[in-house]
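Visitor: Got a structure for you, questions after.
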Amino acid sequence: MSKERRLVMVASLLADSSRVRILYKLLDGKAYSASELTDVAGTAASTASSHLSKLVAGGLLDVKPQGRHRYYRLAQPEIAHFLNWASTLNEDPPAA
């Protein structure tokens, strides 16, 4: 996959506020169950499950089954760095 295509795919994953809330919850480096992340997403369980699947398929999250639960965490530490950086964009827009 080209760098352009990869960036477009990641940007499309970040274009949904529920997915961003899930990612921000995971910035602490811990793994959370799907039900915990459903609460954070503020959506129905089926919708949160779809969001989690997309984030895993997009390479942003790793999932580890444990018993009847699935635990999610950021796939790489660089994702946290990127999210922290991206959240500062236009914080103090330059004077025109």
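The values are calculated or read from the model by the stated rules, or taken from the named source; none is laboratory data. Here the structure is a predicted model, which means the values were calculated and not measured. Surface accessibility is based on the protein's heavy atoms, side chains included, excluding ligands, DNA and RNA. Shrake-Rupley method; radii C 1.70, N 1.55, O 1.52, S 1.80 Å.
Visitor: Let me check something: with ligands and nucleic acids excluded, how do ILE79, ILE22 order by accessible area (1.4 Å probe), largest to smallest?
Guide: Final ranking, largest accessible area leading: ILE79, ILE22.
Visitor: Per residue, how many Å² of accessible area does the chain show with a 1.4 Å probe?
Guide: Solvent-accessible surface per residue comes out at 67 Å².
Visitor: If I compute solvent accessible area with a 1.4 Å probe over the protein chains, what percent of it on the chain is carbon and sulfur?
Guide: Here it works out to 54 percent.
Visitor: Could you put HIS69, HIS51, HIS81 in order of accessible surface area, largest first, with the 1.4 Å probe and the full protein assembly present?
Guide: I get HIS81, HIS69, HIS51, largest accessible area first.
Visitor: At 222 nm, what value in deg cm²/dmol follows for the chain if DSSP H runs of at least 4 each add -39500 (n - 2.57) and the sum is divided by all its residues, to the nearest 500?
Guide: Per the formula, -16000 deg cm²/dmol.
Visitor: Which whole DSSP H helices in the chain pass both tests: a Cα extent of 30 Å or more along the axis and a mean Kyte-Doolittle value no lower than -0.5?
Guide: Sorted by number, there is nothing, because no helix extends far enough and scores high enough.
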